[in-house]
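The values are calculated or read from the model by the stated rules, or taken from the named source; none is laboratory data. These figures come from a predicted structure and were not determined experimentally. All Cβ positions, glycine included, derive from the backbone under ideal geometry; neighbour counts span all protein chains shown.
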Amino acid sequence: MGWFAYDGLLKQGKAESQGFTVYSREFWQANRDAEITRYMKSWFPKGPMFEAVTDTNEVEHRRLLGLPEKGAVLKSEIEQAYKIAARRAHPDAGGSDDAFKQLAAAKEALSERWQR
């Protein structure tokens, strides 16, 4: 990341430089969904990531991974949620094989949306 205006970050909550955007914690927490939607529209012009979640399986997959039921989800958030949930559900950590397989299937199903 190159130079950016720190004053702009403090006043506006975000600063952009050389194709990167830096957010203050407060701005990100307040505007997370709007910013993700804004960037995803440019990354995915066909818009498959913006379809309303009507698939009950997808809602269940999000619940299993501890992700929000509505709104856009970043691929990195899916990966992070899977890692956290897998640590608890792994058979070596006292979890069951079925629970671990369900988590893996949920991660795979949500990640497929990024492949489209």
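Identify, please: which residue in region 75-116 is among the basic types (Lys, Arg) and exposed (fewer than 14 other Cβ atoms within 10 Å of the Cβ) and is, among those, nearest to residue 37 (Cα to Cα)?
So in region 75-116, the residues among the basic types (Lys, Arg) come out as 75, 83, 87-88, 101, 107, 113, 116.
Narrowing further to those that are exposed (fewer than 14 other Cβ atoms within 10 Å of the Cβ): 75, 83, 87-88, 101, 116.
Details: 75: 13, 83: 24, 87: 30, 88: 31, 101: 30, 116: 17 Å.
If we take residues in region 75-116 being among the basic types (Lys, Arg) and exposed (fewer than 14 other Cβ atoms within 10 Å of the Cβ), then 75 is nearest to residue 37 (Cα to Cα).
For region 59-116: of the residues being among the hydroxyl-bearing types (Ser, Thr, Tyr) and under 28 Å from residue 30 (Cβ atoms), which is modelled with the highest pLDDT?
82
Scan (1) among the polar types (S, T, N, Q); (2) under 28 Å from residue 103 (Cα atoms); (3) at pLDDT below 80; (4) surrounded by 12 or more Cβ atoms within 10 Å (Cβ to Cβ) for the single condition residue 56 breaks and write down its number.
Exception for residue 56: condition (4).
Give all pairs with beta carbons closer than 8 Å in which a residue from region 1-14 that is at pLDDT 70 or above meets a residue that is of a type in the set (Val, Ile, Thr) and surrounded by 11 or more Cβ atoms within 10 Å (Cβ to Cβ); count only pairs at least 6 apart in sequence or on separate chains.
Qualifying pairs under 8 Å: 9/22; 14/21; 14/22.
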